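Input: a single structure, listed below in structure tokens.
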Amino acid sequence: MTRRESLKFFLAAGIWTALKGRVNAAQPTSMKDIENLQKNWKALLAEGTKLPLPSEPLKLSKEEWRKRLDPTQFNILREEGTEPPGTSPLNNEKRPGVFVCVGCNLALFTSEMKYESGTGWPSFFTTIPGAFGTSTDYKLILPRTEYHCIRCGGHHGHIFDDGPPPTGKRWCNNGVALRFIPCDTKKS
Ligand SMILES: [Zn+2]
């Protein structure tokens, strides 16, 4: 290798390392990274988007919910249904943005909290802080942790302990219960 060739080699290696560093930086490795994802979630919200706060509860009657939601959404959000795996277009949603509750528009997750779990349901390793309440359900005999939107009470999914580090959690969400707002959307 001539001096010039070796210079090129080291330059290329340096760029490669820098790129790799960037990719790694995007994947949270510590709970500090998770806290930062949670704290900075609004960076992924499309400019000008107005969303409700978790502290503004939305309480509607069953009949009002039936009018507001389509039958599939109603079944999942208000009757704790589960969509068949692999049916949600949001499984393949990889653009930057924010996932909100289809029932009440509360912001629940960002694209940076999503990962490919291979289960057929949109999966997240953490959530926007304060977005959900939890309860224990015994529908499948073994207890499971059910979670629901803190604002409208709509059921979204279950939490499992087989998620990626550092949280180790999988928030397994029904795609039907979510609406995705891409970051580059102009006022919605
Ligand atoms: Zn909601």
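FYI, it's all coordinate maths here, none of it is from the lab. No experiment lies behind these values; they were computed from the predicted model shown. With ideal geometry, Cβ positions are generated from the backbone for all residues, glycine too; neighbour counts draw on all protein chains shown.
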Neighbourhood net charge (11 Å Cβ-Cβ; Lys/Arg +1, Asp/Glu -1) for Pro28: -2
Among residues other than Phe160 whose Cβ falls under 11 Å from its Cβ, what is the net charge (Lys/Arg +1, Asp/Glu -1)? +1
Ranked highest first by the average count of other Cβ atoms within 10 Å around their residues, in what order do 163-170, 140-147, 88-95 fall? 163-170, 88-95, 140-147
Rough spin-label spacing in nm, given labels placed 7 Å along Cα→Cβ, for Leu51 and Thr134: 2.1 nm
Which links in Lys42/Lys94; Lys59/Lys94; Lys50/Lys114 stretch past 28 Å when you go from one Cα to the other? Lys59/Lys94
Report the label-to-label distance for Asp33 and Asp161 in nanometres (one decimal), using points 7 Å from each Cα along the Cα→Cβ vector. 2.3 nm
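Kindly put Glu83, Glu63 in sequence by how many other C-beta atoms sit within 10 Å of each C-beta, fewest to most. Numbers along the way, then the final one.
Values: Glu83 20, Glu63 8.
Lowest to highest Cβ neighbour count: Glu63, Glu83.
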